[in-house]
Amino acid sequence: MVEYLCNHGADIFALDNEKNSALAHAAMFGHVNVVQILLDQIEKRNGGAEKALYLLRLQDRAGRTPLHRAAQFEYVEVKRIISFHENLLVADYPPFFFCEKRSSSWC
């Protein structure tokens, strides 16, 4: 269902009132397949790698990232997938890339 929605125009970059993305919600509830599908879908889209890294590092209003959420509830497989994707993406972009593209909070 998630893949169908992604392929038919669902806004996978939308945030709720607490600044949680669909990725953060999937991580918070331990939905391994949904986390994988969302990361794959984000990376396929135009500018996807940069946007995926942004969502992986995006903090909610309480300062938690999707990785923090997965760790909070001890979802080991979700933590592994998120860490794997983040490490791959960081290797593709030098640190200064995000400093130039984003606000100074990235630096």
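What follows is calculated from the coordinates using simple rules that are stated; it is not laboratory data. Source: prediction; values computed, not measured. Positions of Cβ are backbone-derived with ideal geometry, glycine not excepted, and every protein chain shown enters the neighbour counts.
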Can you tell me the length gained on complete extension of the stretch residue 13 to residue 40, counting 0.36 nm per residue apart and subtracting the Cα distance?
8.4 nm
Could you name the aspartates and glutamates whose alpha carbon sits less than 20 Å from that of residue 19, not counting residues in the same chain fewer than 8 places away?
11, 50, 60, 86
Considering only the other residues whose Cβ falls under 14 Å of the Cβ of residue 61, what net charge follows from Lys and Arg at +1 and Asp and Glu at -1?
0
Charge tally in the Cβ shell below 13 Å around residue 21, where Lys, Arg are +1 and Asp, Glu are -1, residue 21 excluded:
+2
Would you please give the FRET efficiency between residue 73 and residue 4, computed as 1/(1 + (r/R0)^6) with r the Cβ-Cβ distance and R0 = 25 Å, to the nearest 0.05?
0.40
